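Trainee: Have a look at this one before I ask anything.
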Amino acid sequence: MTKETQENHSQPTFTSEKSPSASVNSLAASAIGRALDYAGSTPRSPITDYKKFIENSELKRLGEGTDVVAYILETPDGPEVVRFNKETDYGFKKDKFAAEHFASPRVPIPRVMDVGKWEYADYYAVSELVPGKIFKDFSSEEVVALTPVVVETLGALHETTHSQTGFGWWNPDGNGKHQSWRDTLIVLRDLGVNPELKSKSLFEPKVMEQIMAASSQLLPYCPEERRPIHGDPGHNILIDNGQVTGVIDWTQSMYGDPLFDVAKLDLHFPESNFKAVFKRRYESKGTIPQNFDERILCYQLLVGISDLVHFVKNEKETTYKRRKAGILKAIQDSGITFQN
């Protein structure tokens, strides 16, 4: 078999045509409508070989992320989602683990039916198609209105028990990569000393050193808790008709302090004031976390370091300046005296 033949062997058929007004949400809505048409019909035999089924299917493009492209897969029981990644199945396997171990009526996570790889092509995953629009894609007014349902869903996730070991980012087997939460936080802090940054025009060493030093002084306030954390909820919670319908993309998920999710949402969606909404939730349960403010600030500084590194490396000047100003203001407004 020649290389050219290998590369074209057993590949699914892709359809990419879209009208100017087509979007991920409209395609999903159309597919969900077709899924409803199947309701009440005679059940078909379940698919036992998804790889072979995909190879003989025509796929309609649904959308794409940084590393993943998603398509609608029409099956006998209705449409499902098939995603492709050229580099790895790491995130797909984490999605599958999360669906099997963290999903509940309060934390809806789409089922993952199959994860695999073509010998000469991409990794793939087939998962349940659920309706909804990503939280971050709503208007500012809608984001504020939807904040309580996001808080309740994440609160339920943070209360989920599990038997896996380790801290920080967990592997597809469900076990964390680090021995402690502190080790995880140090990895995040030390992103700021990436040698690649020195050659970038936006990089400001003194600013990064100030933020890193402040986060280091706050680390002792952060407890060794080991609860499930999504890691990037604002970009991966689907909402339809005011209700959370799916929590997706568990690539950044960790075990640690749940206030990390709170801090990230509060930093990225300041109009929602997630910190205050979560605090009211804790108050209603009579369990306000100790050192609440210090922990939130520490995690926001660490998330801020990661954000600034990304903006510097990708030369995103406007977003870099906005995030830098927000982080420095948070340090100033905290009232905490930091040593230089």
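Read-outs: derived from the displayed coordinates by stated rules, not from any lab. Worth saying up front: this structure is predicted, and the values here are computed from it rather than measured. When we count neighbours, we look across all protein chains shown, and the Cβ atoms used for this are built from the backbone with ideal geometry, even at glycine.
Trainee: State, to one decimal in nm, how far the label point of GLU204 lies from the label point of TYR282, with both points 7 Å from Cα in the Cβ direction.
Mentor: For the pair GLU204/TYR282, the computed spacing is 3.0 nm.
Trainee: Report Rg(Cα)/(2.2 N^0.38 Å) for the range 233-295, keeping two decimals.
Mentor: Output field value: 1.21.
Trainee: For the ranges 200-213, 248-261, 282-295, 142-155, what's the packing order if you count other beta-carbon atoms within 10 Å of each residue, average per peptide, and put the highest first? Please list the in-between numbers first.
Mentor: On the way: 200-213: 14.9, 248-261: 23.9, 282-295: 12.9, 142-155: 17.9.
In decreasing order of mean packing, 200-213, 248-261, 282-295, 142-155 become 248-261, 142-155, 200-213, 282-295.
Trainee: Residue separation times 0.36 nm, minus the C-alpha to C-alpha distance between ARG322 and GLU64: what's the value?
Mentor: Numbers: separation 258, 0.36 × 258 = 92.88 nm, distance 2.63 nm.
Result for the pair: 90.3 nm of gain on full extension.
Trainee: Let me ask another. Please compute, for the alpha-carbon atoms of the chain, the extent along each of the three principal axes and give them in descending order in Å.
Mentor: So the three principal-axis extents are 66, 51, 43 Å.
Trainee: Calculate, for GLN252 and THR88, the FRET efficiency according to 1/(1 + (r/R0)^6) with r their C-beta to C-beta distance and R0 22 Å; round to the nearest 0.05. Before the final figure, lay out the partial values.
Mentor: Working: r = 14 Å, r/R0 = 0.63.
E(calc), rounded to 0.05, equals 0.95.
Trainee: Specify which residue in the list GLN339, ILE134, ALA156 is farthest towards the positive end of the charge dipole of the chain, using unit charges on the beta carbon of Lys, Arg (+1) and Asp, Glu (-1), about the Cα centre.
Mentor: Value computed over the given set: GLN339.
Trainee: Run down the lysines and flag those whose C-alpha is under 18 Å from the C-alpha of LYS206, throwing out any fewer than 8 positions away in its chain.
Mentor: By straight Cα distance, LYS206 reaches LYS198, LYS313, LYS321, LYS324, LYS329.
Trainee: Given Cα pairs under 8 Å that are at least 6 residues apart, what percent is the relative contact order of the chain?
Mentor: Values: 529 pairs, mean separation 52.9, N = 340.
Computed over the chain, the figure is 16 percent.
Trainee: Kirkwood hydrodynamic radius (Cα pairs, Å) of the range 123-224?
Mentor: Values: mean 1/r = 0.0559 Å⁻¹.
The answer is 17.9 Å.
Trainee: Then there's this: Under 20 °C and 1.002 mPa s, how fast does the range 133-333 diffuse according to Stokes-Einstein, given a Kirkwood radius computed over C-alpha pairs? Answer in µm²/s, whole number. Write out the running numbers ahead of the final one.
Mentor: Working: Rh = 17.5 Å.
Answer, rounded: 122 µm²/s.
Trainee: What length, rounded to one decimal in nm, is gained on full extension from VAL149 through to ASN56, with 0.36 nm per residue of separation minus their alpha-carbon distance? Please report the intermediate quantities before stating the final value.
Mentor: Values: separation 93, 0.36 × 93 = 33.48 nm, distance 4.00 nm.
Length gained between VAL149 and ASN56: 29.5 nm.
Trainee: Still on this model: Between ARG106 and GLU271, what is the spin-label point distance in nm, taking each point 7 Å from the Cα along the Cα→C-beta axis?
Mentor: 2.9 nm
Trainee: Using per-residue counts of other Cβ atoms within 10 Å, averaged over each peptide, order 129-137, 160-168 from highest down. Mind dumping the intermediate values first?
Mentor: Values: 129-137: 18.4, 160-168: 14.9.
Peptide ranking by packing, descending: 129-137, 160-168.
Trainee: For the chain, what does -39500 (n - 2.57) per DSSP helix run (n ≥ 4), summed and divided by total residues, give at 222 nm, in deg cm²/dmol to the nearest 500?
Mentor: -13000 deg cm²/dmol
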